[in-house]
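Novice: Before anything else, here's the structure in question.
The values are calculated or read from the model by the stated rules, or taken from the named source; none is laboratory data. Since this is a predicted model, take the numbers as computed values, not measurements. Neighbour counts are summed over all protein chains in view; Cβ atoms, including those assigned to glycine, are modelled from backbone coordinates with ideal geometry.
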Amino acid sequence: QNKSHIFHLKKILENKYNINSLIVFTQNNTDTININNVINLIDLKTYLNNFNDGTNYTSEDMDYIYNKLISSNKDISNAKHIENINNTKKEIRSGICPRCKGKLVLREGKYGEFYGCSNYPYCKFTIKK
């Protein structure tokens, strides 16, 4: 789900900006999770103050990103969201990758069979069999 959100954010922002994944738990219950981009809410301020991926955005960049996301949010209604979900499911049932429209092919991984995009490694969409 997070990968899908990032994909759509990049699309909205026309791939002009670097998008970093960060998952914040509000209940501060990440004790058993040892993944770099998963943190507790209490640690968010420190994380953001120390975060540096080499990009420096100007005030104009930040305003552009903010306004683009706000306007996109207004454009997508709940009905449209449900329609998008149904279309995605339909594409998957038809063997079409919902991200890049490539072909979904049956693959074997260490956790068993799954469908992956034929455009891998450029598109990393997968779904359980």
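Novice: Which condition breaks for residue 91 when tested against (1) closer than 17 Å to residue 6 by Cβ; (2) surrounded by 11 or more Cβ atoms within 10 Å (Cβ to Cβ)?
Specialist: Checking residue 91 against (1) closer than 17 Å to residue 6 by Cβ; (2) surrounded by 11 or more Cβ atoms within 10 Å (Cβ to Cβ), the one that fails is (1).
Novice: Any residue in the stretch 44-67 that is of a type outside the set (Ser, Thr, Tyr) sitting within a Cβ distance under 8 Å of a residue that is in a loop (DSSP other than H, G, I, E, B)? List the pairs, counting only those 6 or more apart or interchain.
Specialist: These pairs meet every condition: 51/20; 53/18; 53/20; 61/17; 65/13; 65/17; 65/57.
Novice: Just one of the numbered conditions (1) assigned to a helix (DSSP H, G or I); (2) more than 19 Å from the chain's Cα centre (by Cα); (3) of a type in the set (A, V, I, L, M, F, W, C) is not true of residue 92; which one?
Specialist: (2)
Novice: Next question. Would you mention how many residues in the stretch 23-50 are under 23 Å from residue 4 (Cα atoms) and part of a loop (DSSP other than H, G, I, E, B)?
Specialist: So the count comes out to 7.
Novice: Next question, about the same structure. Could you pull out the residue among 57, 115, 66 that is among the aromatic types (Phe, Trp, Tyr), out of contact with any Asp or Glu (no Cβ under 9 Å at 6 or more places or on another chain) and within 30 Å of residue 129 (Cβ to Cβ)? First the steps, then the outcome.
Specialist: Numbers: 57 fails: within 30 Å of residue 129 (Cβ to Cβ); 66 fails: within 30 Å of residue 129 (Cβ to Cβ).
Every option except 115 fails the conditions.
Novice: For the condition modelled with pLDDT under 85, in contact with a Leu (Cβ under 6 Å, 6 or more places away or on another chain) and under 28 Å from residue 125 (Cβ atoms), what is the one hit in 73, 37? Talk me through it step by step, then tell me what you get.
Specialist: On the way: 73 fails: in contact with a Leu (Cβ under 6 Å, 6 or more places away or on another chain).
Just one listed residue meets the conditions, 37.
Novice: Enumerate the pairs (first residue in the stretch 1-12 and closer than 17 Å to residue 101 by Cα; second residue anywhere and among the charged types (D, E, K, R)) with beta-carbon separation below 7 Å, excluding pairs fewer than 6 apart on the same chain, so at least 6 apart or on different chains.
Specialist: These pairs meet every condition: 7/99.
Novice: Now, a different point. Please tell me if residue 9 is surrounded by 14 or more Cβ atoms within 10 Å (Cβ to Cβ), touching a Gly at 6+ places or on another chain (Cβ under 9 Å) and within 30 Å of residue 129 (Cα to Cα).
Specialist: no
Novice: So which residues in the stretch 95-129 are among the polar types (S, T, N, Q) and either in a helix (DSSP H, G or I) or closer than 16 Å to residue 5 by Cα (or both), if there are any at all?
Specialist: Let us first name the residues in the stretch 95-129 that are among the polar types (S, T, N, Q), namely 118-119, 126.
If the condition is that a residue be among the polar types (S, T, N, Q) and either in a helix (DSSP H, G or I) or closer than 16 Å to residue 5 by Cα (or both), then 126 is the only one that fits.
Novice: Now, a different point. Of all residues in the stretch 52-69, which are under 21 Å from the mean Cα position of the chain (by Cα), surrounded by fewer than 10 Cβ atoms within 10 Å (Cβ to Cβ) and either acidic (Asp, Glu) or over 13 Å from residue 19 (Cα atoms) (or both)?
Specialist: First pass over the stretch 52-69, keeping only residues under 21 Å from the mean Cα position of the chain (by Cα): 52-55, 57, 61-62, 64-69.
Going one step further and asking which of them are surrounded by fewer than 10 Cβ atoms within 10 Å (Cβ to Cβ), we end up with 52-55.
Scanning the stretch 52-69 gives a single hit, 53.
Novice: Further, regarding this structure: When the stretch 2-14 is examined, which residues are found to be under 22 Å from residue 48 (Cα atoms) and of a type outside the set (Lys, Arg)? Show your work before the answer.
Specialist: Filtering the stretch 2-14 for residues under 22 Å from residue 48 (Cα atoms) gives 2-3, 5-7, 9-10, 13.
Within the stretch 2-14, 2, 5, 6, 7, 9, 13 meet the criteria.
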